[in-house]
Amino acid sequence: MNLEDYYLKFVKRYLLFLFSLFMFYSIFILLYFKDIVISIFLIFLSLLYLLIISVEKITVLFIKHLKSMTLVSFLLLTFTTSFLFLYTYKRAGVEYFYLCLLFTIPLFFNLKKDFLLIFFISFIICINFSVCLFCDCGFIITSRFLKNYYDFKLLKLINFFFLLAIFFIDMLFISQKDILISSLKESRQDMYADLKMLTKANKKLNNQISNIAIKEDDFHGVYNLAKDNSPLFMDKFDALFPHFRSELLAICPSLIDSELHFCALIKLGLDGQKISMYTKSSIRAVDSRKYRIRKKLNIPPKTSLKEFIEELQNMASESVV
């Protein structure tokens, strides 16, 4: 299952939880208190969440505009809680659901990225609770079905257990959200690693194509200049391999011209014996020069100077990446 499907399933599960919560609460009010109006209102809310779950296009739209849709849901649930708080004479424990809303905020929002949105929702919840708690709000209708002390006591007990249940369920969903975020990070890291590998492979291929594109006549011309130990050799070599000198100097700026000349001969594929012959040097002098260059370039013992120079362009590409 990819991350998009996992997230879709995650949102659907939480919407299913909201549907179950409102449906259970509405059935309980209908059966115990016979309050048909409030029960129908809560059933309508629960069916709204069921509709979002059932219709794939609506669910995708909900996820696509998750922040705005979540904000609307929080406002709707906050005003519903405020209405029920006043409807039950402020004595049925409905205020517990304000805490439920605060518990749910970390599930949908990131503190760093959505700080203002979190502050706004928290502010609305606190203002609603304060207004309902300290103001008369006599214009809001109250229940005719809550008749005695035991009705309020029972509702308060049920609402308290709802608070605990919602708290633990929210914690479960938050842990699932953390798993989703971790999976997303790992997926991005894998994608970055694949992109990096493809970029290196592409640059390596471009270098190979560039080398293939070198005209055979030009290569033989430079080779013949090396064979004759011509003073024009390095100028022609630099024209044929324009980045070779700069790549070597980038690794070791202290390389002198004679050492660059020596590396250029190896780049052409000359072995120690031919270098000795063309430069009129002894094999021992060639080996000594190789040793000094290897030391300057800090080449590992298991890697030959020839291998190092052959891989030079690839190493330069990797350093750019």
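The values are calculated or read from the model by the stated rules, or taken from the named source; none is laboratory data. Everything numeric here is computed off the predicted structure, so don't read it as measured data. Note: ideal-geometry Cβ built from the backbone for every residue, glycine included; neighbour counts use all protein chains shown. The area values use the complete protein model at the heavy-atom level, side chains included, leaving out ligands, DNA and RNA. Shrake-Rupley method; radii C 1.70, N 1.55, O 1.52, S 1.80 Å.
Could you rank the peptides 146-152, 69-75 by their average count of other C-beta atoms within 10 Å per residue, with the highest value first?
69-75, 146-152
May I ask which residue of Ser246, Phe109, Met234 lies farthest towards the positive end of the charge dipole of the chain, with charges of +1 (Lys, Arg) and -1 (Asp, Glu) on Cβ and the Cα centre as origin?
Ranked along the dipole, the leading option is Phe109.
Run the helix sum for the chain: -39,500 (n - 2.57) per DSSP H stretch of 4+ residues, divided by residue count, reported at 222 nm to the nearest 500 deg cm²/dmol.
Calculated mean residue ellipticity at 222 nm is -26000 deg cm²/dmol.
With P(r) over Cα pairs in 20 Å bins from 0, in percent as the read-out, I listed (i) 27, 48, 23, 2; (ii) 26, 44, 26, 4; (iii) 23, 29, 14, 19, 13, 2; which label goes with the value calculated from this structure?
Only one option fits the structure, namely (iii).
For segment 129-208, go through all pairs of different Cα atoms, get the mean of 1/r, take its inverse, and jot down that Kirkwood value in Å.
Evaluated on segment 129-208, it is 18.9 Å.
Over the chain, what relative contact order in percent results from Cα pairs under 8 Å that are six or more residues apart?
14 percent
Multiply the residue separation of Ser183 and Leu116 by 0.36 nm, subtract the distance between their alpha-carbon atoms, and state the gained length in nm to one decimal.
21.4 nm
What's the FRET efficiency of Ile140 with Leu31 using the Cβ-Cβ distance as r and R₀ = 30 Å, to the nearest 0.05?
0.75
Report the charge-dipole magnitude of segment 86-189 in Debye, nearest 20, computed about the Cα centre from +1 at each Lys and Arg Cβ and -1 at each Asp and Glu Cβ.
The dipole of segment 86-189 has a size of about 120 debye.
For the chain, what is the accessible area per residue in Å², given a 1.4 Å probe and the full set of protein chains?
Each residue of the chain exposes 61 Å² on average to a 1.4 Å probe.
Please state the charge dipole magnitude for the chain, taken about the Cα centre, from unit charges on C-beta atoms (+1 on K and R, -1 on D and E), reported in debye and rounded to the nearest 20.
540 debye
Taking a cut-off of 20 Å between Cα atoms, list the lysines near Lys302, but don't count ones fewer than 8 places away on the same chain.
Lys267, Lys290
Can you give me the % of accessible surface on the chain that is carbon or sulfur? Probe 1.4 Å, all protein chains present, nothing else counted.
Carbon-and-sulfur percentage of accessible area, whole number: 66.
Name the residue from Ile53, Ser282, Leu31 whose Cα lies farthest towards the positive end of the charge dipole of the chain, charges +1 on Cβ of Lys and Arg and -1 on Cβ of Asp and Glu.
Looking along the dipole axis, the top candidate is Leu31.
I need the peptides 98-108, 172-182 ranked by packing, meaning the mean over residues of other C-beta atoms within 10 angstrom, with the highest value on top.
Ranking the peptides 98-108, 172-182 by packing returns 98-108, 172-182.
May I ask you to order 38-44, 138-144 by the average number of other C-beta atoms within 10 Å around their residues, highest value first?
38-44, 138-144
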